[in-house]
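Some notes on the structure that comes next.
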Amino acid sequence: MEVATTAGWLLEPSVGGEKRIQRSTVYRIDSAVNLGRMNHVGHAADTAKDGLQKAIDYAGAVGWSVVNLANAGRKSVGGEAMPFPDSGFSEVAFGTSNERFDRTLWNYLSAQTHGTFYAVAQVLSPPPGITPDPLDPNGTVRAVGASSSNVLTFGGVLFCAVRSVVQRRDMLNGWTATDEEIDAAKRVAKVTTKRR
């Protein structure tokens, strides 16, 4: 979900060359900040500091201001700042922007993702010393917490977001949609309208 919002922001067709480079520089800074938080990975902090400094130096060399924002570690370059994962998602996925809908949709999709992941993780790695019996309905294996309709909704929304990002990329490069992309869109539309 975060990738769709970020990719949509980076690939926005109406943005000119300078703004696009500013956005990619902000993305480099954000990536370096996130890498620096990985204390358990050897040399991550040094690599992050180096990458962060190079991006800031580049921005300064071309005359763009780098501003620390109120949020920890977030910066803007030439007035461009990384979007929050929950902002702009509906615009990327559905071509319409609604701040309240973005927050609701984000919370729903995030809960589905995390709930399903944690349930699957519990099934795949039970507590030490316990051998789960998959045939025992009252055993230690917990049910995966997602219904088929939730998975269908989640998949449909993510497909819309990814398709939008691919279309933006194609538009920037002057490419046309492939038969495979067109067929996939038709299949998703058929499945989602059948469920209503």
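Once the other residues with Cβ under 14 Å from the Cβ of ASN98 are scored (Lys, Arg +1; Asp, Glu -1), what is the net sum? Taking every Cβ under 14 Å from that of ASN98, the sum is -2. Using the Cβ-Cβ distance between VAL188 and PHE84 with R0 set to 41 Å, the FRET efficiency from 1/(1 + (r/R0)^6) comes to roughly 0.95.
Bear in mind these aren't lab numbers, they're just calculated from the coordinates by the rules spelled out. Predicted, not measured: the structure shown is a model, and the values here were computed from it. Every residue, glycine among them, receives a Cβ derived from its backbone with ideal geometry; neighbour counts consider all protein chains shown.
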